[in-house]
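Written below as structure tokens is the structure these notes are about.
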Amino acid sequence: MSYDNENIFAKILRGEMPCHKVYENESTIVFMDIMPVSDGHVLVVPKSPAENIFDLSEEYLKEVIKTTKLLSHAMKKALRPSGLIVKQFNGPDAGQTVFHYHMHIIPVYNGALNTNHGYEMEKPEKLESIAQKIAAEI
Ligand code: 5GP
């Protein structure tokens, strides 16, 4: 599959679709997952048109990891989870559903989570309030 410029994250990056932004720098943007697995589930998205780990350059991968670490610390302070999952899917068989590379950061509260994706859209007010809580700790 080749990179599709019309995928939803490409549209968010171009400002054509809204998101609840938590953080942004020159190479990455972080926003709330619209169907969170848990409260505080965010996505770290590189500003590079790459579908998966095979296509994304090492430079951008490093930037994704740096932002992931920054956000992990902020989330730990802001949300006080008992654990934090950092993961990323490559290809439909691996569970990837949006074909622009992204890293999930998923807080866990008192017990293991056993699902890859959320199933319900979260209320925008709740996503925005959690986004601001995390952003305040960066
Ligand atoms: P993947 O399976 O590709 O790793 O995960 C894609 C993630 O993007 C899913 O967790 C899904 O809930 C999230 N998602 C899908 N569409 C949108 C959207 O329009 N906005 C936001 N913020 N997240 C989305």
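The values are calculated or read from the model by the stated rules, or taken from the named source; none is laboratory data. Please read all numbers here as calculations on a predicted model, not as lab measurements. With ideal geometry, Cβ positions are generated from the backbone for all residues, glycine too; neighbour counts draw on all protein chains shown. We work out accessible area using only protein heavy atoms, side chains counted, and drop any ligands, DNA or RNA first. Shrake-Rupley method; radii C 1.70, N 1.55, O 1.52, S 1.80 Å.
Here residue 67 sits with roughly 0 square angstrom of accessible surface, probe radius 1.4 Å. Accessible surface area normalised per residue over region 1-45 is 49 Å², counting heavy atoms of protein chains with a 1.4 Å rolling probe. With the whole protein complex present, residue 123 retains an accessible surface near 130 Å², based on a 1.4 Å probe.
Structure remark: mean-square fluctuation, Gaussian network model of the chain, C-alpha springs under 10 Å; the largest value among 121, 32, 103 belongs to 121.
The aspartates and glutamates whose alpha-carbon is closer than 13 Å to the alpha-carbon of residue 77, local same-chain residues fewer than 8 away aside, are 137.
Build a GNM of the chain with springs between Cα atoms under 10 Å apart, and of 90, 114, 52 the one that fluctuates most is 114.
Put 137, 16 in order of accessible area, largest first, 1.4 Å probe: what do you get?
The residues order as 16, 137, largest area first.
What a 1.4 Å probe finds exposed on the chain is 53% carbon and sulfur by accessible area, rounded to a whole percent. Whole-percent P(r), the chain, all Cα pairs, 5 Å bins from 0: 2, 10, 21, 25, 23, 14, 5, 1, 0.
How do 119, 3 stack up against each other in accessible area, from largest to smallest, with a 1.4 angstrom probe?
Values: 119 180, 3 55 Å².
So the residues, ranked largest to smallest area, are 119, 3.
Taking the charge dipole of the chain about its Cα centre, with +1 at Lys and Arg Cβ atoms and -1 at Asp and Glu Cβ atoms, the residue from 116, 17, 130 reaching farthest to the positive side is 130.
Largest first, what is the accessible-area ranking of 14, 80 with a 1.4 Å probe? All intermediate terms of the calculation are to be shown ahead of the outcome.
Details: 14 105, 80 180 Å².
Ranking 14, 80 by accessible area, largest first, yields 80, 14.
The heavy atoms of residue 58 offer some 130 square angstrom of accessible surface to a 1.4 angstrom probe. By the helix-only formula, in which each DSSP H run with n ≥ 4 contributes -39500 (n - 2.57) and the sum is divided by residues, the chain has a 222 nm mean residue ellipticity of -9000 deg cm²/dmol. Modelled spin-label separation between residue 86 and residue 2, with each label point placed 7 Å from Cα along the Cα-to-Cβ direction: 3.4 nm.
If you run the Gaussian network model on the chain, springs between alpha carbon atoms under 10 Å, then out of 122, 51, 59 the most flexible one is 59.
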